[in-house]
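I have placed the structure first, in the form of structure tokens, so that the comments after it can refer back to it.
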Amino acid sequence: MAKSGIVYHPDYLRHETGNHPENKKRLIVTMDFLKQKGVLDKPQIKLFSPEKTPVEVVAMNHSMQYIEQVEDMCRRGGGMLDPDTVVSAESFEVALRAVGGALLAAEKIRTREVDNSFALVRPPGHHATYGHGHGFCIFNNIAILAKYMLKNWGLKRILIIDFDAHHGNGTQDSFYDSPNVLYFSLQQWGIYPGSGWYQEIGEKEGKGYTVNVPLPWGTDDESYLFALQELLPPIADQYHPEFILVSAGFDAHYSDMLTNMSISSVGHGKIMETILDVAKQKCNGKVAVLLEGGYNLNAIPRSIYNVISHMADLGELLDDEQPKSDQRTREEVKRLVDEIKKTLKPYWKF
Ligand SMILES: [Zn+2]
């Protein structure tokens, strides 16, 4: 039975965003649900409490000018980093602790206290770029973590899988010219932030080490898992990742108000099952999962439960009804997978 860590801190609720879709209720309902389901009492689950990460670590992926801009804005009581991205008085400190949560999630796997881990952090991170906060994200938790692992642990091949419904443009930017991090991202095509087309495959030495799967509106579990299973295992098999990091956003759920995908909570569990299979074969099951988006308060806890259920072998999955893709969408996904394979042929065998 796999041992799983859950990383959480009550200060994650102190990043005040009001009625913004990315608000503290997302974590309140999730933690309440996990407690109600007895997840935190399971012998194979350990709860870890993170520290704030030092600014020097954040600076591995962000300019000091930007870091100071966020700190100043908070000192003045808050403001907006872009039209979507709220910061309040304590957001800087909370964002440092979100990075700390990411670091702790990976550290507990490195020291073998757990096999895998899930950091229930906010603010999310995958849209944050070197010099800017974007799309509800302040610091790019997963990119900072990957840079930390490359530098401090001497790793050479980290696989980041991003299944948030939005493209992780910030994470892609951070590693676009690097073969040391393979960024594999599935997203709804045509929504924020507008990047993530399948021809975006990296540059210079990083060519072939960015994989984008821009899925059509209405993609359901079956089509999504088809695309994931056709592309991820063969690439991972050839890349030989030493560690897998996951940007887990739950906004591809059919009930999410910001997107138009048709993934169910069971589907979110199956996505994780596929990732765990790859991890078991390639890197002793080492997977650190970081929360990104997901805005329907009924759906997030159930999807997260199903993900943890696969990670920690809880033996139960929560079902939900889900709209199915129409024939046209299913065929479009098949064509897309063929196009991606053709585009990546110089780099990977399928
Ligand atoms: Zn998202």
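The values are calculated or read from the model by the stated rules, or taken from the named source; none is laboratory data. In this text, all values refer to a predicted model and were calculated from it rather than measured experimentally. So basically every Cβ, Gly included, is an ideal-geometry build from the backbone, and we count neighbours across all protein chains shown. To get the accessible areas, we keep the full protein, side chains included, count just its heavy atoms, and leave off ligands, DNA and RNA. Shrake-Rupley method; radii C 1.70, N 1.55, O 1.52, S 1.80 Å.
Summary of computed values
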{"read-out": "Selection count where residues are closer than 21 Å to residue 337 by Cα, open to solvent by less than 20 Å² (accessible area, probe 1.4 Å) and more than 14 Å from the ligand (Cβ to nearest atom), scope the stretch 173-200", "value": "3"}
{"read-out": "Residue check, residue 333 of a type outside the set (Asp, Glu), within 18 Å of the chain's Cα centre (by Cα) and at pLDDT 95 or above", "value": "no"}
{"read-out": "Count - residues of the stretch 307-329 that are touching a strand residue (DSSP E or B) at 6+ places or on another chain (Cβ under 8 Å) and farther than 21 Å from residue 249 by Cβ", "value": "1"}
{"read-out": "Residues within the stretch 145-184 that are of a type outside the set (A, V, I, L, M) and assigned to a strand (DSSP E or B), tallied", "value": "3"}
{"read-out": "Close pairs from the stretch 157-178: first more than 14 Å from residue 128 (Cα to Cα) and of a type in the set (Gly, Ala, Ser), partner more than 16 Å from the ligand (Cβ to nearest atom) and open to solvent by 20 Å² or more (accessible area, probe 1.4 Å), Cβ under 8 Å, at least 6 apart", "value": "178/205; 178/209"}
{"read-out": "Total residues in the stretch 256-281, condition of a type in the set (Gly, Ala, Ser), touching a Ser or Thr at 6+ places or on another chain (Cβ under 8 Å) and in a helix (DSSP H, G or I)", "value": "2"}
{"read-out": "Where a residue in the stretch 50-65 is free of Cβ contacts under 8 Å to residues at least 60 places away in the same chain and over 12 Å from residue 94 (Cα atoms) and its partner, wherever it lies, is hydrophobic (A, V, I, L, M, F, W, C) and assigned to a helix (DSSP H, G or I), with Cβ under 7 Å and at least six apart", "value": "55/67; 59/67"}
{"read-out": "Selection within the stretch 170-206 - farther than 18 Å from residue 333 by Cβ and β-branched (Val, Ile, Thr)", "value": "171, 181, 201"}
{"read-out": "Failed condition for residue 64, given (1) under 30 Å from residue 297 (Cβ atoms); (2) in contact with a helix residue (DSSP H, G or I) (Cβ under 9 Å, 6 or more places away or on another chain); (3) open to solvent by 80 Å² or more (accessible area, probe 1.4 Å)", "value": "(1)"}
{"read-out": "Residue list for the stretch 316-337, restricted to those being part of a helix (DSSP H, G or I), surrounded by fewer than 16 Cβ atoms within 10 Å (Cβ to Cβ) and in contact with a helix residue (DSSP H, G or I) (Cβ under 9 Å, 6 or more places away or on another chain)", "value": "334"}
{"read-out": "Among the residues listed as 347, 305, 295, the single one being among the aromatic types (Phe, Trp, Tyr) and within 24 Å of residue 107 (Cα to Cα)", "value": "305"}
{"read-out": "Verdict on residue 155 being of a type in the set (A, V, I, L, M), open to solvent by 10 Å² or more (accessible area, probe 1.4 Å) and under 22 Å from residue 176 (Cα atoms)", "value": "yes"}
{"read-out": "Identity of the residue in the stretch 257-298, surrounded by fewer than 22 Cβ atoms within 10 Å (Cβ to Cβ) and within 16 Å of the ligand (Cβ to nearest atom), that ends up farthest from residue 95 (Cα to Cα)", "value": "260"}
